[in-house]
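Below: one structure, written as structure tokens.
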Amino acid sequence: MKTCVKCGETKPLDAFYRMAGMRDGYRNDCKACNLAAKAQRHRENPGPARERVRAWQLANPDKVRAKQAEYRATGRKRVADRRSYLKRKYGITLEQYDELLAAQGGVCGICGAAPRDDISLHVDHDHGTGERRGLLCFRCNNALGDFADDSERLYAAVEYLADHDPEQRALAVIARERVRLLLAS
């Protein structure tokens, strides 16, 4: 047992780092206090650590490439990129995205198509206010963008299709209802 000089707690020896120059062979501060002090030094001045890492990367390019390839192969890079994108672009976490997806039943908010994979639905948002509206497939998201989120243009397109194909009349009624639902949400 040994008492840490920083926190004052008495702990077993395995809670201390070994240090050859010390009388008992262990540092005077426990591992927790040592790591906390190290983290504080890094927060105050991260430059030396970054320089040390950069120097190692330049000296070991093959190891860096291998580690990056392993990171991509495990799929962790894809998840990290997705997390970063959602946070940067829409201010949401991956968990919030998953909640939106579950609330929509795992399908596009307009056409009801299931996503091809876990990230193929786009976060639909009002470009004026930035408010999120839901998740849409690529085609529906682009269609709304092409119509500039203008409901009158969407209605006109539905009427155009219905006028030029009588069989489309029933679909026009369904489309009108979906446009109303989209505008209501």
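The values are calculated or read from the model by the stated rules, or taken from the named source; none is laboratory data. Because the structure is predicted, anything quoted here is derived from the model rather than measured. Every residue, glycine as well, gets a Cβ built from its backbone with ideal geometry; the counts of neighbours run over all protein chains shown. Note: accessible area is taken over every heavy atom of the protein model, side chains too, but ligands, DNA and RNA are not part of it. Shrake-Rupley method; radii C 1.70, N 1.55, O 1.52, S 1.80 Å.
For segment 140-175, residues that are at negative phi and not in a helix (DSSP H, G or I) total 3. When we screen ALA32, ALA49, ALA36 for residues that are within 28 Å of CYS7 (Cβ to Cβ), of a type in the set (A, V, I, L, M) and either open to solvent by less than 40 Å² (accessible area, probe 1.4 Å) or not in a helix (DSSP H, G or I) (or both), the only hit is ALA49. Cβ-Cβ contacts under 6 Å between residues 6 or more apart (or on different chains), taken from a first residue in segment 173-185 that is surrounded by 11 or more Cβ atoms within 10 Å (Cβ to Cβ) to a second residue that is in a helix (DSSP H, G or I) and among the hydroxyl-bearing types (Ser, Thr, Tyr), are listed as LEU183/SER151. Among the numbered conditions (1) hydroxyl-bearing (Ser, Thr, Tyr); (2) over 30 Å from GLY130 (Cα atoms); (3) touching a helix residue (DSSP H, G or I) at 6+ places or on another chain (Cβ under 6 Å), the only one that THR3 does not meet is (3).
Those residues that are surrounded by fewer than 11 Cβ atoms within 10 Å (Cβ to Cβ) and of a type outside the set (Ser, Thr, Tyr), I need them from segment 73-89; list them, please.
Narrowing segment 73-89 to residues surrounded by fewer than 11 Cβ atoms within 10 Å (Cβ to Cβ): 73-75, 88-89.
The answer is ALA73, GLY75, ARG88, LYS89.
Among the residues of segment 107-139, the ones that are assigned to a loop (DSSP other than H, G, I, E, B), of a type in the set (D, E, K, R), farther than 24 Å from GLY75 by Cβ and open to solvent by 60 Å² or more (accessible area, probe 1.4 Å) come to 1 in all.
Only one residue in ARG82, ARG27 is basic (Lys, Arg) and at pLDDT below 95, so which one is that? Outline the logic, then answer.
Details: ARG27 fails: at pLDDT below 95.
The match here is ARG82.
Does LEU100 satisfy being of a type in the set (A, V, I, L, M, F, W, C), assigned to a helix (DSSP H, G or I) and open to solvent by 40 Å² or more (accessible area, probe 1.4 Å)? Let's see the steps before the verdict.
Values: of a type in the set (A, V, I, L, M, F, W, C): yes; assigned to a helix (DSSP H, G or I): yes; open to solvent by 40 Å² or more (accessible area, probe 1.4 Å): yes.
Considered against the rule, which asks whether it is of a type in the set (A, V, I, L, M, F, W, C), assigned to a helix (DSSP H, G or I) and open to solvent by 40 Å² or more (accessible area, probe 1.4 Å), LEU100 comes out as yes.
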